[in-house]
Amino acid sequence: MRRGFALLFLSLAPLFAQNAAQFAGMQQDLADLRNEVEKLKLENADLRDALTKSKAGQAPATNQAETVAKLRAEILAEVDRRLKQQGVDVNAALAEQARQVNAALAGKPAAPVATRPAPTAPTTVADKPAAPAPDDGFPPDMPRTGIKVRVKSGDSVSKLARVHGSKSEWILAANKLASPAALRADVDIFIPQPETLPR
């Protein structure tokens, strides 16, 4: 019985390592979202204060103050909409991760679930740069084709993988990153992609 548990543990170890890297990326995404929500709360409080002051003043510049307040309210509503969308995307990714872990623990192969791409446009530096050489110690299933992307503030490995149809472990391996936390903003990284991305 101990031998059976040992074999089961050894067979699931690579899956757990892969899932741990993806989970770390998702945790980073959630931390980024929390930071964005806190910033929005502060901006919202500032906007409310400004609106209250402009209503109390009722000076000749009232029309201009109202216009600015309306514009800020519209911007805040758009940011709120985007945050909600990111929250939905993160929840979907977490649900998929939980489904894969449950399937692995049950001994069934995890069937991929189609997810819609994130609504933000990537900042592509080059179309198809040279890919790493085939016998380079990278995972055998990792494509050697892909794109070069400039990392923006707030990007994480899992987010970049989702947006560009790649995998977190491919990005980590291709860029020799020890962990998702090693990703830095304003740096060009290579994102492996299959020749034809699944629709």
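Things to note:
- The listed residue being outside any loop (DSSP other than H, G, I, E, B), under 24 Å from GLY87 (Cα atoms) and modelled with pLDDT of 80 or more, out of LYS159, LYS148, LYS152: LYS159
- Per this entry, SER179 is not counted among residues that are crowded, with 18+ Cβ neighbours inside 10 Å, within 22 Å of ALA31 (Cα to Cα) and either polar (S, T, N, Q) or modelled with pLDDT under 90 (or both).
Conditions (1) at pLDDT 75 or above; (2) surrounded by 10 or more Cβ atoms within 10 Å (Cβ to Cβ); (3) out of contact with any Phe, Trp or Tyr (no Cβ under 7 Å at 6 or more places or on another chain), marked per residue:
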site: ARG2; (1), (2), (3): no, no, yes
site: PHE9; (1), (2), (3): no, yes, yes
site: ALA13; (1), (2), (3): no, yes, yes
site: GLN18; (1), (2), (3): no, yes, yes
site: GLN22; (1), (2), (3): no, yes, yes
site: MET26; (1), (2), (3): yes, yes, yes
site: ASP32; (1), (2), (3): yes, yes, yes
site: ASN35; (1), (2), (3): yes, yes, yes
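The values are calculated or read from the model by the stated rules, or taken from the named source; none is laboratory data. Note that the structure is predicted; figures quoted are calculated from it, not measured. Note: ideal-geometry Cβ built from the backbone for every residue, glycine included; neighbour counts use all protein chains shown.
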